[in-house]
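**Q** So that we are looking at the same thing, I have put the structure below in structure tokens.
The values are calculated or read from the model by the stated rules, or taken from the named source; none is laboratory data. Here the structure is a predicted model, which is why all the values come from computation and not from measurement. Positions of Cβ are backbone-derived with ideal geometry, glycine not excepted, and every protein chain shown enters the neighbour counts. The accessibility values were calculated without ligands, DNA or RNA, using every heavy atom of the protein model including side chains. Shrake-Rupley method; radii C 1.70, N 1.55, O 1.52, S 1.80 Å.
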Amino acid sequence: MTVQSVTGPVDLSAVKGAVLAHEHLFLTLEREEGQVVLGEERRIGHELTELRRTGGLGALIELSGRNMGRNAAGLRQLSERTGVVVIAATGHYWEPFHPAEVDQLDLDGLTETLVADVLVGMDGTDVRAGLLGEIGSHGHVPTPAEEKCLRAAARAAKACDVSVATHAQDGVGGLAQLDLLCGGEGLDPGRVSIGHQDLHSDRTVHEQIAAAGAYVAFDTIGKTSFQSDEVRLACLLDLIASGHADRALLSNDISRDSYLSRPTGGYGHLFNSFLPRLREAGVDEATVRLLTRENPIRFLTGAQPAAGEPLTEGEGLG
């Protein structure tokens, strides 16, 4: 169960604690209303250190891809300073944020660029990506440019034996992403996480993604201006009740510095607010461990637990 982290290969089975499935540590996005910026290293480092010490955080998946303000060297420094394992990503966000290379390169060229980020290093460093993400689309069907990026990500993932995490804008279009990645490109659905599914409450879509063998990402927990945590909790409980607890991923998707100021914490919101409510709803510790540790490790590595046995032993899961 070894993955490529920003400090080198890591056996996640030996890492104690939870794994946040969709986060950012450095992010800069240019929008019409101005910049979205995340990068207050001191505060971010403090939160990660405290969560590792008290909240049981062992690792996180950092999904700032190409042209999203990623900072490969900074990720390595943060990981070394806090002791939290960081798995970085490469790939292309949804179309408004595509760099010029998406138009300039053909599908093979785009795939080769992503493979180099995984096998050689990102942005002139030897810090290697450990997965593809967050590969974006918007609307019910990806645009031609977004389809090209999804196909390139799938091909790079297959070539490098890594996984793909997507960005479904407003939670829409996940089934089309899954069809492209797995039906079109033959990627194992167990290596796919369909992002932002907690931004809509269509339980049928959640169950279809899970039944296909892919992961359903409830990854914007705490972003109550987009969706209430009450709705997120109800949808997750329904997915668990339908027998798909082994296909859900949880995270906060911290994407700007202002989220670090929440009373329940930025990266800690899942631990400090959402998981207590999940337990109050009757979810047992084995399922909490499955959601917060075993599922993200399985997603990253493609591993499958022995029948009836946990994939790993977790400690201190918040």
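**Q** Taking the simple approach of a point 7 Å from Cα along Cα-to-Cβ for both Thr54 and Ala145, what is their distance in nm?
**A** My value for the distance between the label points is 4.4 nm.
**Q** With the cut-off at 1.5 for a/c, could you classify region 123-245 from its C-alpha gyration tensor as rounded, prolate or oblate?
**A** Prolate, since a/c reaches 1.5 and a/b exceeds b/c.
**Q** Checking a compactness column here: for region 177-252, what do you get for Rg(Cα) / (2.2 N^0.38 Å), N being the number of residues?
**A** 1.06
**Q** Next up: Carbon and sulfur atoms: what percent of the 1.4 Å accessible area of the chain do they account for?
**A** 47
**Q** Run lengths n ≥ 4 of DSSP H only: what is the helix-derived mean residue ellipticity at 222 nm for the chain, with -39500 (n - 2.57) per run over all residues, to the nearest 500?
**A** That calculation yields -9000 deg cm²/dmol at 222 nm.
**Q** What residue among Thr301, Pro276, Val164 has its Cα farthest toward the positive end of the dipole of region 164-318, where the charges are +1 on Lys, Arg and -1 on Asp, Glu, each on the Cβ?
**A** Towards the positive end, the residue furthest out is Pro276.
**Q** Report the Stokes-Einstein translational diffusion coefficient (µm² s⁻¹, integer) for the chain, Rh taken as the Kirkwood radius over Cα pairs, at 4 °C with viscosity 1.567 mPa s.
**A** Approximately 68 µm²/s, per Stokes-Einstein.
**Q** For the chain, what is the charge dipole size about the Cα centre, in debye to the nearest 20, if Lys and Arg each add +1 at the Cβ and Asp and Glu each add -1 at the Cβ?
**A** The dipole of the chain has a size of about 680 debye.
**Q** Once amide H atoms are placed 1.01 Å from N in the peptide plane, what residues at a sequence separation of 5 or more from Ala248, or on another chain, have their amide H within under 5 Å of its amide H?
**A** Sorted by chain and number, the residues that satisfy this are Val216.
**Q** Same structure again: For Ser5, which sequence-distant residues (separation of 5 or more, or a different chain) have an amide H within less than 5 Å of its own amide H, given hydrogens modelled in the peptide plane?
**A** Under 5 Å from the amide H of Ser5: Val10.
**Q** Under a plain spin-label model, where a point goes 7 Å from the Cα along Cα-to-Cβ, how far apart in nm are Ala234 and Glu112?
**A** Between Ala234 and Glu112, the label points sit 5.2 nm apart.
**Q** With every protein chain present, what is the per residue accessible area of the chain (1.4 Å probe, Å²)?
**A** Here the per-residue accessible area is 38 Å².
**Q** How far apart, in nm, are two points set 7 Å out from the Cα along the Cα-to-Cβ line at Met1 and at Glu40?
**A** Placing both labels 7 Å beyond Cα along the Cβ direction yields 3.4 nm.
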